[in-house]
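Presented below is the structure to which this report refers.
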Amino acid sequence: MKQTQEPLIVTHYQSEVRPDIETTDDRLAAVIQWADDNPVVWKIVTQKKSKAFGLGSCVYIGWAQRSMTADAVLERVRYMMDLVRWDKHDIFTWRARFTLAHYTDKGFTGGFFQQHDCKYPRSCLTLDYAPTTQREVLDHFIEWMDKYYETDNITIDGKVVWRKETA
């Protein structure tokens, strides 16, 4: 048997905005580039300010939710990038685009939106908003929520923000 040695070339892809984020996975090179082109994304996925897409959000696969390893951060960025780029027009793509567009707004936060009928809580979704955009976000939630039940009220983090009588 003849043994030969050949050089192994390994390419590293590294963020220019977050030099601590690098990978050898060529599929993630576009993810790094997209986040570097939209640098607020790095903050969205590594801080807790965004309830919908921030650190610890349940929208991400379990192993990536709270970890700050490069792989976990890139998984969160990849997920958000896929939503933002998706050509479907639903509340899930809308909320990703909304978070990306409004993350730096004054008072930006997020909350657990929940529809209630007279007996039970019904539709629910975590959405981000700012004081100046809360009504817009609430309108999107109302458009999305279950229409089968007669809505009595809507809460954000348990606080009533909409009642049937005042609508």
Single match in 125, 83 (criterion: in a helix (DSSP H, G or I), among the aliphatic types (A, V, I, L, M) and surrounded by 15 or more Cβ atoms within 10 Å (Cβ to Cβ)): 83
Out of the range 1-46, which residues are of a type outside the set (S, T, N, Q), in a strand (DSSP E or B) and in contact (Cβ under 8 Å) with a residue 40 or more places away in the chain? 22
From the options 113, 98, 92, residue that is more than 14 Å from the chain's Cα centre (by Cα) and surrounded by 13 or more Cβ atoms within 10 Å (Cβ to Cβ): 113
Name the single residue that is surrounded by the most Cβ atoms within 10 Å (Cβ to Cβ) among those in the range 1-18 being in contact with a helix residue (DSSP H, G or I) (Cβ under 8 Å, 6 or more places away or on another chain) and of a type outside the set (Ser, Thr, Tyr). 18
Given the condition crowded, with 16+ Cβ neighbours inside 10 Å and not assigned by TED's automatic domain parsing to the domain that holds residue 146, answer yes or no: does some residue in the range 19-27 qualify? yes
Has the range 63-78 got at least one residue that is surrounded by 18 or more Cβ atoms within 10 Å (Cβ to Cβ), without any contact (Cβ under 8 Å) to a residue 40 or more places away in the chain and under 14 Å from residue 127 (Cβ atoms)? no
Name the residue that is nearest to the chain's Cα centre (by Cα), counting only residues in the range 65-80 that are of a type outside the set (D, E, K, R) and assigned to a helix (DSSP H, G or I). 80
Tell me which of these residue 151 doesn't satisfy, since it passes every other one: (1) in contact with a Lys or Arg (Cβ under 9 Å, 6 or more places away or on another chain); (2) surrounded by fewer than 19 Cβ atoms within 10 Å (Cβ to Cβ); (3) assigned to a loop (DSSP other than H, G, I, E, B). (2)
From the options 141, 98, 112, residue that is assigned to a strand (DSSP E or B), in contact with a strand residue (DSSP E or B) (Cβ under 7 Å, 6 or more places away or on another chain) and of a type in the set (Phe, Trp, Tyr): 112
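The values are calculated or read from the model by the stated rules, or taken from the named source; none is laboratory data. Keep in mind it's a predicted model, so treat the numbers as computed, not measured. With ideal geometry, Cβ positions are generated from the backbone for all residues, glycine too; neighbour counts draw on all protein chains shown.
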